[in-house]
Amino acid sequence: FARVNDHLADTLPPDKFVTAFIGVLDPSAHRLRYHSGGQGPILVYRAATGACDVHGPTSFPLAAMPVTKLRPAPELELAPGDLLVLLSDGYLEHRNPEGEEFGQARVEVLLREHRGRPPEELARRLKEAVTAFARGAPQEDDMTAVLVQRAAPREATRLARELAALEGAFAFLGEAFRRQGIDPSLRAPVDFVFEELFTNMVKYGGGAEEVVLEVAPIPRGVEVTLLDRGVDRFDPTAAPDADVTLPAEARRPGGLGLHLIRRMVDGMTYAYREPERLGRTTFWKTRGAR
């Protein structure tokens, strides 16, 4: 950190500087040591309480002046579900037509409202919130977001690619709910959504390998992931909605199951890795969201 700062101080014009964050994450101890040159605020959303810890920079921006001594790097400990949020000024200082800034408080509200969502979902919602707030006002600075989350402990099982595997899958879900203290009232919608997704994989996926089912607790709910290897891409989040306003005889066959399950959960994501032909479908459900 000091070497980069001193090099930039020697090479940049006097009126130029760079804000920067550098962190070293120990993924086994779940600790992050960092220095922040003018980059802040540093937000840590605490899953257990729903509160945000706020930390300021540890030093002035890079290139402002040579560094003679740095104070010891602060250390953050991340509990299961905790989320580190680093945002450039383009988010916090984005103005609406009245000149009001988006600000830190709105970021904290969004993190609480969408707690339990995976980082990629939060990043998308944050960008959408800023865009809606700006109401067409021009972007004045870069918008960079880094979100780092400690995953909650997961339980996993492998399922044979056959409908007969459903019975064992439901038993696994029940045990995972019990061991991880997940609200049992969420079992019915989780079972229904899982069954619909797994049945589609068995009937239409065309793969030969087992399907991996993962379950993890999240704040106030549960996250479920299905990993389907050796299959073609099929994104259940992109399938068109069924037109439920039409009478049954006028509707196109198919699609109603996916239409229903997307409305039974808080959110659903899909990712596909081409080299492995691996599809990853994740959905999450929390108390009181629907």
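The values are calculated or read from the model by the stated rules, or taken from the named source; none is laboratory data. The structure presented is a predicted model; accordingly, all values stated were derived computationally and were not measured. With ideal geometry, Cβ positions are generated from the backbone for all residues, glycine too; neighbour counts draw on all protein chains shown. When the accessible area is computed, the model is the full protein with side chains, heavy atoms only, and any ligands, DNA or RNA have been set aside. Shrake-Rupley method; radii C 1.70, N 1.55, O 1.52, S 1.80 Å.
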Based on alpha-carbon centroids, what's the gap between the stretch 66-94 and the stretch 126-183 in Å, whole number please?
24 Å
CD proxy, 222 nm, the chain: helix-only mean residue ellipticity via -39,500 (n - 2.57) per DSSP H run with n ≥ 4, per residue, nearest 500, stands at -9000 deg cm²/dmol
Label points 7 Å out from Cα along the Cβ direction at M65 and E162: separation in nm?
7.5 nm
Angle between the Cα long axis of helix 187-204 and the longest principal axis of the chain, 0 to 90 degrees, nearest 10?
70 degrees
Multiplying the sequence separation of A9 and R287 by 0.36 nm and subtracting their Cα-Cα distance, what value in nm do you get?
94.9 nm
More than 22 Å apart: what percent of Cα pairs in the stretch 34-148 qualify?
38 percent
Once all Cα-Cα distances of the stretch 99-188 are split into 10 Å bins that start at 0, what whole-number percent is in each one?
12, 31, 23, 17, 13, 3, 0
Gain in span if fully extended, A188 to E75, counting 0.36 nm per residue against the direct Cα distance:
36.6 nm
Please work out the average accessible area per residue across the chain, using the 1.4 Å probe convention, and give it in Å².
53 Å²
Rank P61, P14, P74 by mean-square fluctuation in a GNM of the chain with C-alpha springs under 10 angstrom and give only the top-ranked residue.
P14
Considering Cα pairs under 8 angstrom that are at least six residues apart, work out the relative contact order of the chain and quote it in whole percent.
14 percent
Summing Lys, Arg as +1 and Asp, Glu as -1, what charge do residues with Cβ under 13 Å from the Cβ of E162 carry, E162 excluded?
0
Within the set of other residues whose C-beta is less than 15 Å from the C-beta of E274, count the net charge using Lys and Arg as +1 and Asp and Glu as -1.
+1
Net charge near A137, counting Lys/Arg +1 and Asp/Glu -1 over other residues with Cβ under 12 Å of its Cβ?
-3
Within the stretch 59-178: Cβ-based charge dipole about Cα centre, in debye rounded to nearest 20 (Lys, Arg +1; Asp, Glu -1):
320 debye
For the chain, longest principal axis from Cα atoms; helix 103-113 axis from its Cα atoms; angle between them, nearest 10 degrees, is 20 degrees
Springs between alpha-carbon atoms under 10 Å, Gaussian network over the chain: tell me which of S59, S88, S28 tops the mean-square fluctuations.
S28
Among P57, G99, L76, whose Cα sits farthest toward the positive end of the charge dipole of the stretch 31-148 (+1 at Cβ of Lys/Arg, -1 at Cβ of Asp/Glu, about the Cα centre)?
L76
On alpha-carbon atoms, Rg over Rh for the chain using Kirkwood Rh?
1.05
